[in-house]
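Just so it is clear, none of the values below were taken in a lab; they were calculated from the coordinates. This structure is a prediction, so every number in the text was calculated from the model and none was measured. Reconstructed Cβ throughout: ideal geometry from the backbone, glycine too, with neighbour counts over all protein chains shown.
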Amino acid sequence: MARLPAPWLTLGALLASQWLSAAALAEMVVDGRLDEAEWQDAIACTDWVRTQPFALDAPRHRNEARMVSTPEGLAVAFVLEQPEGETRTKPRTPRDAADFHGDSISFMVDFDADGRVGFEFSVALGEGIRDGLVTNQNERSTDWDGVWQHAVRETAGEWFVELLIPWSTASMRDGNAGQRTIAAFFERTLYDRNERYACPGASIERPVFLSDFRKYTIEQHRAKQLDIVPYATWVSDQLHDTSRFKVGADLFWKPSSDFQLVAAVNPDFGQVESDELVINFTAIETFFTDKRPFFTENQGSFDLRTPDEGQLIYTRRVGAASDDGLQSTTDIDAALKINGSAGKVVYGAFTAVEDRYGDEVGRLFAATRVSLPLEGFRLGHLATFADRPLLDRTALVNAIDYELHPEGRWRWSGQVIRSDVDDAGRDTTGYQAWLQTDFSQTSALTHSLQLQHIDDRFDMNDLGYLARNNLRRANWDTRWTRAGFAPGSWLSGETYDLSLTYRETSNGLRLPHYAKLVRYTQYDNGWQGQEELSYESAGPDDLLSRGNGPVQIPARAFVYGRYTTPRYGAWQQAIAGYVFRGGAEGDGYELEFTNSWYPRDGLTVNLTLYPRRSSEWLLWESGNLMGRYTARRLDAYGRIDWLPAPGHELRVKLQWIGINASPTDAYRTSARGDLLPSTDPLVPFTVNNLGVQVRYRYQLGPLSDVYVVYSRGGFQFREDNDQGLGHLFSDIDEVRDADQILVKVRYRL
């Protein structure tokens, strides 16, 4: 065999060495070791302060965060001191758990540094993860699930977290620039001490959060993504002995940093996620979150909210119960969404078409979004449209939103919204406007003023969510945080929150007003407490009678207290008590007993009981007829989460609600709303409500999962009270309106 001359061998070895070095630098291995050369020149955040309690003093232990822009994505690392004598709490929790119940970190980033949308990436020492969005400055949602990498590593005196967030995670402005400005926030939770440390010193519990992120200039890299994720679902209905097979797909396409397209064909409604059981006897609709990938992917730009938990786009409307009332859910044929930017303008649009829209049974939904974020100011417009042929109804909503956040501690925000509804040829136009001002005199004292007006013709519930219209409202909120206690004090922090609310209808009818004082306490031994005293003035309730006139309610006071223990070995408890005044006269109480057990790192067992008794439960019967009941109620919530190995997750969830109510008095309301004794007959009733789900999930990879789910539930209402709560619980085997087995496979191609 011919041999190469020595000079050529030397040159080849040199080139190979340089190529291997470049490849090593180009690829970052996410293993928590931080041994890549990129970390040496990374941006560092070292001036951490304590934010829980909000003392803004030096942390108990040293913390450091690093951040570097790589071709693969934004790399983030945490270096956290935790000496051997400091307890390390690290149970493994399911994805998007509301509380990790252990030591953890959070990284939040606003890729455009304009205060519109922040992305959360949190990792627990036990390697549980949570991701989600922060919008409207401080409103967090964990519905969104992104694709990103993480790793945790421990040593005797430290632990490390490494993250890699691909550039395809979010649509960003100025995608072709050589550099970009982002805003970032780093946080650590020291669970056993009930303390949080952050860099910079911001907190999501304060009115202004996103705009307090620290800005950094990093290298810009181009982002491209093309993910096709088909799925197949098989559902076996055990109640009716039928089965159904369904296939569909989601498409995620991002040809550049400043444009993304998401499409769905025959998307799944999301039976793998069970809603919380709610029994609603009020006139206000219950709000539920959404976990369907299409409606969570880059949805932040469409997430415009109003006071009192209003949302201009409530994605659960799409695919909800059919307008003919024959189906509890409706299939969606196709949906399309785009997000992008052109210069400084950010835009977005989406549309969804339900099954049988062409036959005038399904519905069509659409929305467009345009915003202009500038330094310290943002102006935007959102339009939504819903077409409901079966009802001969179309609804158009236009909203202009603004936010002004100049240098300093002030922030103004608000919206002006108009609704135009054509209901069977009858046109109705309504308006809503609100303004909020947030300001603080010191870091420990914040104030917020909110003014809202909704006329009685405003309606955005065809695609949005509005608890009520016909309202004028003013709310003042003051929060004062006290920290920095002397050594040896039994308190480590406390916060007082005072809220005052004035309400009236748009035609001047004065509704009950509210005053509430809440005290949050953190104790040096790890306990947490919350005490609340609230007062509601006398006045008319204009919703209780469902449009049949006001109902006069006397003044009422409410007292609430809740205390949570630290972890004692494998156990943690919480206890709460709530004492309230009923609708006309009489009192009631509700208790909470929560017990959490962590027998091993990958296994968590939770049981919560809410016993409730009321000597005065005022309910609407019909017309202007009201009924007063004595009632006993018990809510039971049980959950088991077992993560036996990476990628495997078994969840068992049980919810049960039992109610036993006996009538005591009947009333008819006068024109003014006074409750007048009536001889109308009332009947006792019981409610038995059950929801059970056993779910196994195996994660094949990013956006790739196998689910096997068993679900059973039902709602039983009987006009008798022969059964007590114990008998109702023993009869849950008879509560069976739904019983199904589901197998779902989705795989990213």
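Observations on the model:
- Relative contact order of the chain, taken over Cα pairs closer than 8 Å and 6 or more residues apart, is 8 percent.
- Axis of helix 6-26 versus longest Cα principal axis of the chain: the two differ by about 20°, to the nearest ten degrees.
- Residue-averaged [θ]222 nm for the chain, counting only DSSP H segments that reach four residues, each worth -39500 (n - 2.57): -1000 deg cm²/dmol
- Label sites at ASP420 and TYR698, each approximated as a point 7 angstrom past Cα along Cα to Cβ, lie 5.5 nm apart.
- Here the extension length gained between PHE288 and ARG60 equals 78.1 nm, from 0.36 nm per residue of separation less the Cα-Cα distance.
- Karplus-derived HN-Hα couplings along the stretch 660-675 (A = 6.51, B = -1.76, C = 1.60, θ = phi - 60°), whole Hz, x at Gly and Pro: 10, 10, 10, x, 10, 8, 10, 9, 10, 9, 7, 4, 7, x, 5, 7
- Of the chymotrypsin sites (Phe, Trp or Tyr not before Pro) in the stretch 347-431, not one is in a loop by DSSP (not H, G, I, E or B) with at most 14 other beta carbons within 10 Å.
- In Hz, Karplus ³J(HN,Hα) per residue of the stretch 48-64 (6.51, -1.76, 1.60; θ = phi - 60°; x = Gly, Pro): 7, 9, 7, 10, 9, x, 7, 8, 6, 9, 5, x, 5, 10, 6, 9, 9
- Cα-centre dipole for the stretch 234-339 with unit charges at Cβ (Lys and Arg positive, Asp and Glu negative), debye to 20: 320
- Paramagnetic reach from ALA538 in the stretch 646-687 [backbone N under 15 Å; point 7 Å along Cα→Cβ]: 672-676
- Dipole moment magnitude, nearest 20 debye, the chain about Cα centre, only Lys, Arg, Asp, Glu C-beta charged: 860
- Measuring nothing but how far apart in sequence close Cα pairs (under 8 Å, 6+ apart) lie, relative to its length, the stretch 449-526 scores a relative contact order of 27 percent.
- Placed amide H near GLY582: partners under 5 Å, 5+ positions off or other chain: ASP587, GLY588
- Rounded to the nearest whole Hz, the Karplus-based 3J(HN,Hα) values (6.51 cos²θ - 1.76 cosθ + 1.60, θ = phi - 60°) of the stretch 611-627 follow the sequence x, 9, 9, 9, 8, 8, 10, 8, 10, 7, 9, 5, x, 9, 8, 10, x, with x at glycine and proline.
- Binned Cα-Cα distances of the stretch 90-204, short to long, each 10 Å bin given as a whole percent: 13, 45, 32, 9, 1
- Among the listed values (1) -0.33, -0.99, -1.22; (2) -0.44, -1.08, -1.21; (3) -0.41, -1.22, -1.53, the one matching log10 I(q)/I(0) by the Debye sum over Cα atoms at q = 0.06, 0.10, 0.11 Å⁻¹ as calculated from this structure is (3).
- Protection proxy ranking of 708-714, 670-676 - average other beta-carbon atoms within 10 Å, highest first: 708-714, 670-676
- Label point distance in nm, TRP410-LEU226, each placed 7 Å from Cα along Cα→Cβ: 5.1
- Euclidean distance of C-alpha centroids, the stretch 473-493 and the stretch 140-161, integer Å: 30
- For the pair ILE400 and ASP733, a Förster radius of 56 Å applied to the C-beta separation gives a FRET efficiency near 0.55, rounded to the nearest 0.05.
- Projecting the Cα atoms of GLN740, THR315, ILE284 onto the charge dipole of the chain (Cβ charges, centred on the Cα centre) puts THR315 farthest toward the positive pole.
- Estimated FRET transfer efficiency (TRP597, VAL370; beta-carbon r; R0 60 Å; 0.05): 0.75
- Computed from point charges on the beta carbon alone (+1 for Lys and Arg, -1 for Asp and Glu), the dipole magnitude for the stretch 501-659 about its Cα centre is near 200 Debye.
- For ARG613 and LEU498, a Förster radius of 30 Å and the Cβ-Cβ distance give a FRET efficiency of 0.50, rounded to the nearest 0.05.
- Separation between Cα centres of the stretch 419-469 and the stretch 292-359, rounded to whole Å: 20
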